[in-house]
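The values are calculated or read from the model by the stated rules, or taken from the named source; none is laboratory data. From a predicted model like this one, the values you see are computed outputs, not experimental measurements. Don't worry about glycine lacking a Cβ; one is built from the backbone with ideal geometry, like all the others, and counts go over all protein chains shown.
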Amino acid sequence: MSLGKAIFTIGGWTLLSRVAGLAREMLVADYLGAGMISDAFMVAFRFPNLFRSLFAEGAFNAAFVPLFDAKLASGGRAAAKSFAEQAYAVLAVMLLTVVVVMELAMPWAIYGLAPGFDDIPGKIELAAELSRITFPYLLFISLVSLQSGVLNALGRFAAAAGTPVLLSLTSMVLLVALAPISPTVAHAAAWGVFASGVTQFLWLLFSMRRAGMSLAPVRPRLTGDVKQLLRKIVPGALGAGVYQLNLVINTVIASSVANGAVSYINYADRLNQLPLGVVGIAIGTALLPTLTRQLRAGDLAAASQSQNRAMEFGLFLALPAAFAFAVLGHPIIAVLFEHGAFTPANTDQVAPTLAAFALGLPAYVLIKALTPSFFARHDTKTPVKVAMIAVLINILLNLVLMMPLKQVGMALATAIAAWVNLALLGWHLRRLGHFSIDARLKSRAWRILLACLAMSAVLWQAQGLLQPLWQQWRLVTLVLLVGLGLVSYGGASLATRAMTIADLKMMVRRNPN
């Protein structure tokens, strides 16, 4: 499968999963709104997701896929399967230990993640109770990450990319079913998170069996290969999970800013995650095994070509999404979330927060195209150094911007930190001679920017013209605006030659070998 075809496969499934996730967020907004109960649930959901993003999903795949691919190339499927089984067993024991410790650490752990909750009676206790329900999700979803790494290394991207759909569907069903009989609707949402982890785990067990790579239970042993894996995971955790770490810092500070600020950030981030997940994660997931194989074969020219095309494709999709969120943020939030317990005042808070997050969206997508170059070379230390600088900048900017701009300032701090992260990663790769921007990417980048500016101008004018329709038919107006944005960006892209139809066909063409 070509790099472009892999990106489209992963991106297509990820788009479906993000749409399902958006539907789940709409349901959560309807049931929970934006206040004490929703803040407590967001923190309870953020807790296991933080550990998953830092130590399982990002860092684990970055370390595991190159090692598994090397075993597959040198020793065949039997050697690769044995390595995966040992990693599976050790990971399960480590995760079970973390889950038990964190269950016992409640509610003290909540004071570390959301210290501001203590200002409102009962908020800490509710967040701790919900976290005890959601935290076992970490065990299942982290094992899902290993299963996904195996399937991705085998070139089977669809099953792993589609698992988040099960998260959203399971969560929605449990929320609706349990809300009438739960102490609060947040309890029903928390049980939905727990059940979704189990569902995703069972689905990939079935997918692994179909791929002929069922992992048998073995006695956990710290073999040389497993030790090497763990050594690479530890520094890679921050390097691959800097985005989540920045969001957690935002959560800690937001818990002290205002009641509802944690929820405002979460709703805005969920929308921002839609293009980030579809484009950024698809690029990173597809590019890592591709670069690993090309570098192992010594084909440096092909590796450079793959990285440049991944960045070009990422810019082509991420930059217009960022502009669209900045221009259409308010109508998007109003249509998607403004119902039930979610009020127009909540929309006024979330929309500018989304616009601030969107400023960093292109940077995060391009980071996903640069970090595989380090991981494919078994270098997980450089990204962690860069990540720590970005985290420090995020903390400092949060403290500076939180007072005048509240949660909007926190989102802006995250965006600025992302651009710093990208700049430092690019500088390191160029200094090592591992990356250079080719003539085509240089030419296409400014053409894509022109197309985005043209689209933004059209959308800005169209909002004013459609204002009378907005008063009566919000959904229809938003659909018209989104459609107009797609048409204007597509037309501008063709006019400026930011991307041609022939380019897209070539990207998805299957490799001849």
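Side notes on the structure shown:
- The single condition among (1) at pLDDT 85 or above; (2) in contact with a His (Cβ under 7 Å, 6 or more places away or on another chain); (3) of a type outside the set (Gly, Ala, Ser) that residue 83 does not meet is (2).
- Residues in region 17-53 that are of a type in the set (S, T, N, Q) and either over 20 Å from residue 119 (Cβ atoms) or at pLDDT below 80 (or both): 17, 49, 53.
Residues checked against (1) farther than 25 Å from residue 307 by Cβ; (2) in contact with a Lys or Arg (Cβ under 7 Å, 6 or more places away or on another chain); (3) β-branched (Val, Ile, Thr):
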| residue | (1), (2), (3) |
| --- | --- |
| 368 | no, no, no |
| 401 | yes, no, no |
| 408 | yes, no, yes |
| 419 | no, no, no |
| 434 | no, no, no |
| 442 | no, no, no |
| 453 | yes, no, no |
| 464 | yes, no, no |
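- Taking the listed residues 113, 95, 104, the one that is within 30 Å of residue 125 (Cα to Cα), modelled with pLDDT of 85 or more and under 26 Å from the mean Cα position of the chain (by Cα) is 95, with no other qualifying.
- Filter result for the condition that a residue is at pLDDT 85 or above, farther than 19 Å from residue 95 by Cα and surrounded by fewer than 18 Cβ atoms within 10 Å (Cβ to Cβ), over 198, 185, 176: 176
- Whichever residue in region 318-351 is touching a residue at least 60 places away in the same chain (Cβ under 8 Å) and among the aromatic types (Phe, Trp, Tyr) and, among such residues, is farthest from residue 445 (Cα to Cα): 342
- Any pair with Cβ under 7 angstrom, 6 or more apart, that starts in region 16-43 at a residue that is of a type in the set (Phe, Trp, Tyr) and in a helix (DSSP H, G or I) and ends at one that is surrounded by 20 or more Cβ atoms within 10 Å (Cβ to Cβ) and modelled with pLDDT of 80 or more: 31/175; 31/185; 41/32; 41/130; 41/186; 41/189; 41/190
- Among all positions in region 145-168, there is no residue which is under 16 Å from residue 45 (Cβ atoms) and surrounded by 24 or more Cβ atoms within 10 Å (Cβ to Cβ).
- Some residue of region 472-487 being among the β-branched types (Val, Ile, Thr) and surrounded by 18 or more Cβ atoms within 10 Å (Cβ to Cβ): yes
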